[in-house]
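Since the structure comes first, as structure tokens, the remarks are kept for the end.
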Amino acid sequence: MVKYSEQLKKHRKIIENFSYLSIFQLLNLLIPLIVFPYLIRVLGGEKYGLIIYAQAVIGYFVILINFGFNITATKEVSIHKKNKKKLSKIISSVMIIKGILLLISFTIITLLVFLIPSLWEEKTLFYLTVWMCLYEFIFPIYYFQGIEEMKYITIITLISRLIFLCLIFLLIEDKSDYLLVPIINGTGAIIAGIISQIIIAKKGIKYFWQPLYVLKFYFIKSYVMALAYSSNALKSNLNIVLVKALFSYKEVAYFDLALKVSRVGTSFLELISVSVFPKMSREKNIFFLRKIIYLSLTLSVLYVLFVEVSAPLIISLIGGDEMLDSVPLLRVIVLFVPFQILGGLLGRNSLIVNGYNKEVLYSMALSSFIYVITVLVLYLFLDNLSLELLGAVFVFSFAFDTGYRYIKCRFYKIL
């Protein structure tokens, strides 16, 4: 009993952060799932699919603005969290770089809207969806993760998601209201960003313009992770773009629902990886990491089994009978959960904490390349490319990514 109590005390911060992050993810996952049936019923599959398509396109620019700082800046903040001057330097540098990337993103989005007819037809929707980019710029989640104060993220998210939930049910009444969805989303997100900046200011963090060599240092330090997560985002968001190109907005809604249900598992289990990252950055404890891997894999397999058995009921409860055609797709896509969880643990808490950032880039780039080439070959040589086959290729790409990382971890003797 005493030993158990000592272990709890030793890992108190991890348990506390995991608890707050669990609530954070619960809000991010359950509220969209609560809203999903209402939006499908009021807007219909086509309009809802259009909104998801716009989010997938803008999602590429969110990854550009993020630039891998959720990993590299979190690590820097966790190392220097007691040094206010150093923290101000880190956060100022990240905000300046993100601000420049935001301007570049907005310029590219404007060019795409003017050059691509399908985007021009829904230009208002795409511009309103740019709130995702503003949120990525203004909300410094890396700071709160680095100082291991996840309660702030949870409280801020609770406020923004409750605003979103209330306004959706109050204002969305028919198909013509679809443009209000990104407006409502953006309102809650920007309020969250402003609150986060107020908290940072109260903690004594100040913004200063940084010399070019300092910005260059943090830019170069993060570019490998930026490339890695860009290639991963290409794979994830490309699904939505491809489904829209090959099928219709209704199939986009099917794919989105299957991903949402699958990511309930990945989002919660990835919290374990995120929670232990500051500890692993400092200690690089292989034995501790192995215990976390065994726990995460066991839970992820149990989640997959649950979804496989309960898929029709889950889809019926969330999307209604109209969405039951997505059941076979869900049963395929949910198989990626254990691979993503293991791959994330190996990437973040083994390769990255030991300085092998480029191996994470290579694994993501290779798996994304294999995914794109495989889909292209299937499209060229198959007359009927099904959603389920597209989902299977998606799962295989994650399996390859995880296998590559495992081999490298064993090679470097860091697992």
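Rule-based calculations on the coordinates, nothing more; no lab input. Remember, it's a predicted structure, so these values are computed and weren't measured experimentally. With ideal geometry, Cβ positions are generated from the backbone for all residues, glycine too; neighbour counts draw on all protein chains shown.
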Subtract the Cα-Cα distance of Glu308 and Tyr406 from 0.36 nm times their separation in residues, and report this length gain in nm to one decimal.
32.7 nm
From the phi angles alone, apply the Karplus equation (6.51, -1.76, 1.60; θ = phi - 60°) to region 375-388 and give each ³J(HN,Hα) in whole Hz, x where the residue is Gly or Pro.
4, 4, 4, 4, 5, 6, 10, 10, 6, 10, 7, 8, 4, 5
Region 284-415: relative contact order as a whole-number percent, Cα under 8 Å and 6+ apart:
34 percent
Tell me the mean residue ellipticity at 222 nm calculated for the chain from its helices only (DSSP H runs of n ≥ 4, each -39500 (n - 2.57), averaged over every residue, nearest 500).
-29000 deg cm²/dmol
Mind giving me the nanometre distance, one decimal, between the label points for Phe369 and Ala201, set 7 Å out from Cα along Cα→Cβ?
4.7 nm
When the dipole is taken about the Cα centre of the chain, and only Lys, Arg (+1) and Asp, Glu (-1) are charged at their Cβ, what size is it in debye, to the nearest 20?
2720 debye
For Cα pairs less than 8 Å apart in space and 6+ apart in sequence, what is the mean separation divided by the residue count of the chain, i.e. the relative contact order in percent?
22 percent
May I ask you to list the residues of region 250-272 whose amide nitrogen lies under 18 Å from a point 7 Å from Cα along the Cα→beta-carbon direction of Ser386?
251-252, 254-256, 258-259
Could you work out the relative contact order of region 54-197, using alpha carbon pairs under 8 angstrom and six or more residues apart, expressed as a whole percent?
32 percent
Expected sort for Ser273, Ser88 with the fewest Cβ neighbours (10 Å cutoff) up front is Ser88, Ser273
Running Debye on region 256-415 with equal point scatterers at the Cα sites and no solvent, what base-10 log of I(q)/I(0) appears at q = 0.12 Å⁻¹?
-0.58
Dipole of the chain, positive end: most advanced residue of Phe219, Ser296, Leu238 [Cβ charges, Cα centre]:
Phe219
Computed from the beta carbon distance with a Förster radius of 45 Å, FRET efficiency for Arg41 and Val301 to the nearest 0.05 stands at 0.85
For Lys123 and Asp174, what is the calculated FRET efficiency with R₀ set at 22 Å and r taken between the beta-carbons, to the nearest 0.05?
0.55
Under Karplus coefficients 6.51, -1.76 and 1.60, residue-wise ³J(HN,Hα) of region 289-302 in Hz, glycine/proline x:
4, 4, 4, 5, 5, 4, 4, 5, 5, 4, 5, 5, 5, 4
Can you tell me how much longer the chain between Ile116 and Val377 gets when fully stretched, taken as 0.36 nm per residue apart minus their C-alpha distance, in nm with one decimal?
91.5 nm
Using Cβ contacts closer than 10 Å as the measure, can you line up Asp325, Asp383 from fewest to most?
Asp383, Asp325
Where a label projected 7 Å from the Cα of Glu322 along Cα→Cβ would reach, residues of region 26-62 with amide N under 11 Å
37-49
At R0 = 45 Å, how high is the FRET efficiency between Val214 and Arg290 if r is their beta carbon distance? Nearest 0.05 is fine.
0.75
Please arrange Tyr406, Tyr213, Tyr371, Tyr379 by counting, for each residue, the other beta carbons lying within 10 Å of its beta carbon, fewest first.
Tyr213, Tyr379, Tyr406, Tyr371
Out of Val334, Ile159, Ile108 - ranked by how far each Cα lies towards the positive end of the dipole of region 2-411, with unit charges on the beta-carbon of charged residues - the top one is Ile159
Divide, for region 127-260, the radius of gyration over alpha carbons by 2.2 N^0.38 Å, where N is the residue count.
1.30
In sequence order, calculated HN-Hα J values of region 50-56 (Karplus, 6.51, -1.76, 1.60; Hz; x Gly/Pro)
5, 4, 5, 4, 4, 5, 5
Between region 251-326 and region 108-170, what is the C-alpha centre distance in whole Å?
23 Å
